[in-house]
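One structure is given below, encoded as structure tokens.
The values are calculated or read from the model by the stated rules, or taken from the named source; none is laboratory data. Bear in mind the structure is a predicted one, so any value in this text is a computation, not a measurement. Methodologically, a virtual Cβ is constructed for each residue, glycine included, from the backbone with ideal geometry; neighbour enumeration extends over all protein chains shown. With ligands, DNA and RNA removed, areas are computed over all heavy atoms of the protein, side chains included. Shrake-Rupley method; radii C 1.70, N 1.55, O 1.52, S 1.80 Å.
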Amino acid sequence: MAEDLVVSKGSKVEQYDSLISQIKGLLDGETDVVANLANVVAALKEQFGWFWVGFYLVKKNELVLGPFQGPVACTRIRYGRGVCGASWEQEKTLIVPDVEKFPGHIACSSLSRSEIVVPVVRDGKVIGVLDVDSSELDEFDTVDQKYLEQIISLIVF
Ligand code: SME
């Protein structure tokens with residue numbers, strides 16, 4: 001059984017370091033992808049309190065909503081559409097300091113102000129994205145990028 005998450009109160013780097021060792025523990029010995037994605041988004045949401053944290057997974061030619069924490073969200077996003085579809089198309093992490101300035105941003109909630117989307121790449125192909133939304137402007141930077149990419153690399157799909 002999983003132990004309660006210990007929510008770290010230090011700097012952002014200290015918070016990620018503490019979180020990553022706990023995520024390694026959560027993932028250890030569990031092979032079910034949905035269970036692991038669900039626990040990763042729950043751990044991120046609990047540690048940082050962001051507005052919305054979730055995965056979209058590539059199914060046929062679309063991203064389809066996967067495990068998430070936060071308000072209900074758009075279920076399908078097409079290739080190249082929104083920040084998520086753009087991250088898929090460009091195969092790279094996108095940091096959006098102000099969603100209103102991102103052409104084509106898909107507003108699942110008007111409360112979301114900034115966003116980071118990290119593609120999940122396996123065998124050279126994007127198989128999904130991790131999407132994190134904040135109710136604050138300019139929430140995410142390259143520290144988040146580095147650690148979120150590291151967290152995603154820990155998940156076996
Ligand atoms: N804003 C995203 C859509 C997903 S929701 O934020 C949960 C986008 O533009 O792709």
Worksheet item: Per residue, how many Å² of accessible area does the chain show with a 1.4 Å probe?
Response: 53
Discussion item. Once you keep just the Cα pairs under 8 angstrom separated by 6 or more residues, what percentage relative contact order results for segment 2-154?
Written reply: 19
Worksheet item: If the chain between GLU46 and ILE127 were fully stretched, how many nm would it gain, using 0.36 nm times the residue separation less the Cα-Cα distance?
Response: 26.6 nm
Worksheet, complete the sentence: For the chain, the percent of accessible surface on carbon and sulfur atoms (probe 1.4 angstrom, ligands and nucleic acids excluded) is 49
Practice prompt. Give the percent of DSSP beta bridges with both residues in the chain that are antiparallel, rounded to the nearest 5.
Written response: 100
Discussion item. Using the Cα centre of segment 2-154 as origin and beta-carbon charges of +1 (Lys, Arg) and -1 (Asp, Glu), tell me which of SER21, LEU5, SER135 is placed farthest towards the positive end of the dipole.
Written reply: SER135
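Relative to the Cα centre, what is the charge dipole magnitude of the chain, using +1 at the beta carbon of each Lys and Arg, -1 at the beta carbon of each Asp and Glu, and rounding to the nearest 20 debye? Display every interim value, and only then the final one.
Details: 15 positive and 23 negative charges, 118 e Å.
For this selection, approximately 560 debye.
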Worksheet entry | Positive-end residue, segment 36-118 charge dipole about Cα centroid, Cβ charges, pick of LEU57, SER110, LEU37 | LEU57
Discussion item. Can you work out the Karplus-derived ³J(HN,Hα) for every residue in segment 104-116? Use 6.51 cos²θ - 1.76 cosθ + 1.60 with θ = phi - 60°, whole Hz, and x for glycine or proline.
Written reply: x, 3, 9, 8, 6, 9, 6, 7, 7, 10, 9, 7, 10
Response to the item:
Listed by chain and number, the lysines with an alpha carbon less than 30 angstrom from that of LYS59, same-chain partners under 8 positions apart left out, are LYS24, LYS45, LYS92, LYS101, LYS125, LYS146
